[in-house]
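*Asks:* My structure is below; once you've seen it, I'll send some questions.
The values are calculated or read from the model by the stated rules, or taken from the named source; none is laboratory data. The shown structure was predicted, so the numbers you read here are calculated from the model rather than taken from an experiment. Because the Cβ atoms are built from the backbone with ideal geometry, glycine has one as well, and the counts that use them run over all protein chains shown.
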Amino acid sequence: MTEEGYTVAEAARSLGIHANLLSNWKRKFEAEAEAAANGTSNGKEHEELRRLRAENRRLRMERDILKKATAYFAKESQ
């Protein structure tokens, strides 16, 4: 919208949405772009990333334990 030189009202009309909705989206997009440019991230996203990394480590450990147990029991049954 801004790159093409449209006003918020023109772009909203062409999309068939209310101008206020498009303005909110634009402000949110600009804030996120600025935060990314400054190297700051959203606190919720950072917390989720930390949680997902911890879960990933735990799941890998569980997988490795199950692999070892499977190999052990397969060797015992022969």
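*Asks:* Considering 26, 68, which residue is touching a residue at least 24 places away in the same chain (Cβ under 8 Å) and either assigned to a helix (DSSP H, G or I) or touching a Phe, Trp or Tyr at 6+ places or on another chain (Cβ under 6 Å) (or both)?
*Replies:* Sole residue among the options that is touching a residue at least 24 places away in the same chain (Cβ under 8 Å) and either assigned to a helix (DSSP H, G or I) or touching a Phe, Trp or Tyr at 6+ places or on another chain (Cβ under 6 Å) (or both): 26.
*Asks:* Something else now. Within the bounds of region 51-63, is there any residue that is part of a loop (DSSP other than H, G, I, E, B), free of Cβ contacts under 8 Å to residues at least 24 places away in the same chain, surrounded by 10 or more Cβ atoms within 10 Å (Cβ to Cβ) and not small (Gly, Ala, Ser)?
*Replies:* Looking for residues that are part of a loop (DSSP other than H, G, I, E, B), free of Cβ contacts under 8 Å to residues at least 24 places away in the same chain, surrounded by 10 or more Cβ atoms within 10 Å (Cβ to Cβ) and not small (Gly, Ala, Ser), one finds none in region 51-63, hence no.
*Asks:* So, one more: Could you list all residues from region 3-16 that are surrounded by 14 or more Cβ atoms within 10 Å (Cβ to Cβ) and either among the hydrophobic types (A, V, I, L, M, F, W, C) or in contact with a Pro (Cβ under 9 Å, 6 or more places away or on another chain) (or both)?
*Replies:* 8, 11, 12
*Asks:* Sticking with this structure for a sec: With over 30 Å from residue 2 (Cβ atoms) and either in the same structural domain as residue 2 (by TED's automatic domain parsing) or surrounded by 10 or more Cβ atoms within 10 Å (Cβ to Cβ) (or both) as the only criterion, which of 36, 71, 19 stands out?
*Replies:* The match here is 71.
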